[in-house]
Amino acid sequence: MIEKCSVRAPFFEIGPKSYLFGQDVIDLAKAADAAAEKYGVDIIFTTPVVEIARVRNATKRIHVFAPHMDPLRPGRGLADILPESLVAAGAEGVMLNHCEKPLTLSVLRETIRRAEEVGLATIVCADSLTEAAMIARLKPDIIVAEPSELIGTGTSVGPEYVDAATRAVKDVNPDILVLTAAGIAGGRDVYNIIRAGADATGSSSGIAKAADRAAMVDEMISAVRKAWNERSAR
């Protein structure tokens, strides 16, 4: 068995998607690295595939994930993302089934198996509680429970959804970490979701579109730490 990266709660996921490219991605990764060190919070940085190696080389603390991969094996295949190539580039994990890159259940099952084979951790998106429970049976490492209609809107889910999503996953497999997100626009949103019981949350446009991205990263990761410490002290 190939050893995978170990992401611990509380954690945070940052995905620049296609909002950023080139040096802006590297600068954001460095800001995330600094915040992870400052607050003692694990950060998954889901970088564009072409920037995996540069992000890995520019950082020390964050977990570098790819935004997608295909379940093919070395050999024939053009323009697909080979799992082994992600490992070679320095990725520790991969995001799958995002609403902007959906997979059928059968392909998702096969892709999770391929990730296991090469030692990549898996963070799998689900846009409903039913889908989250179904995906939990495939045994990914992390499930992202986020209603797709709220992604990028600046309107986040409430505590009732956090609780329901966490139960939907952990009733099937208590070892799976649950990230609840969508519409995370600032530190207050982050604080509320972690305080409500999520293992993690994350943001894409809320950070990528911020006037000062590094300051927004610091604000959000600070909120993760504050909310988690208060939960732990209860």
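Taking each residue of region 125-143 that is over 16 Å from Thr201 (Cβ atoms) and in contact (Cβ under 8 Å) with a residue 24 or more places away in the chain and looking for partners that are of a type outside the set (A, V, I, L, M, F, W, C) and in a strand (DSSP E or B) with beta-carbon atoms closer than 8 Å, six or more apart or interchain, yields Pro140/Thr122; Asp141/Gly93; Asp141/Thr122. Might you check whether a residue that is outside any strand (DSSP E or B) and over 26 Å from Ala36 (Cα atoms) occurs anywhere in region 173-194? Within region 173-194, one or more residues are outside any strand (DSSP E or B) and over 26 Å from Ala36 (Cα atoms).
Looking across region 187-234, the residues that are at pLDDT below 95, over 16 Å from Glu13 (Cβ atoms) and small (Gly, Ala, Ser) come down to Ala196, Gly197, Ser232, Ala233.
For region 115-130, what are the residues that are at pLDDT below 95 and surrounded by fewer than 20 Cβ atoms within 10 Å (Cβ to Cβ)? Answer for region 115-130, where residues must be at pLDDT below 95 and surrounded by fewer than 20 Cβ atoms within 10 Å (Cβ to Cβ): Ser128, Leu129, Thr130. Filtering Ala53, Ala79 for residues that are under 22 Å from Pro16 (Cβ atoms), out of contact with any Phe, Trp or Tyr (no Cβ under 6 Å at 6 or more places or on another chain), surrounded by fewer than 22 Cβ atoms within 10 Å (Cβ to Cβ) and modelled with pLDDT under 95 leaves a single hit, Ala79. Listed by first and then second residue, the pairs linking a residue in region 89-108 that is assigned to a loop (DSSP other than H, G, I, E, B) to a residue that is small (Gly, Ala, Ser) and at pLDDT 95 or above, with Cβ atoms under 7 Å apart and 6 or more places separating them unless they lie on different chains, are Gly90/Ala53; Ala91/Ala66; Glu92/Ala121.
Would you confirm, using the coordinates I've provided, whether Leu20 is under 23 Å from Pro102 (Cβ atoms) and modelled with pLDDT of 95 or more?
Yes.
Among the residues of region 2-41 satisfying the criterion of being surrounded by 14 or more Cβ atoms within 10 Å (Cβ to Cβ) and of a type in the set (Val, Ile, Thr), which is farthest from Arg56 (Cα to Cα)? Within region 2-41, the match that is farthest from Arg56 (Cα to Cα) is Val41. Entry remark, region 92-114: residues being crowded, with 22+ Cβ neighbours inside 10 Å and either β-branched (Val, Ile, Thr) or farther than 17 Å from Leu179 by Cβ (or both) number 3 in total. Filter region 162-190 down to residues that are out of contact with any strand residue (DSSP E or B) (no Cβ under 6 Å at 6 or more places or on another chain) and buried (at least 21 other Cβ atoms within 10 Å of the Cβ) and give me whichever is nearest to Lys226 (Cα to Cα). Per the stated criteria, the residue is Asp189.
The values are calculated or read from the model by the stated rules, or taken from the named source; none is laboratory data. Quick caveat, the model's predicted, so the values are computed rather than measured. Virtual Cβ from ideal backbone geometry, glycine too; neighbours counted across all protein chains shown.
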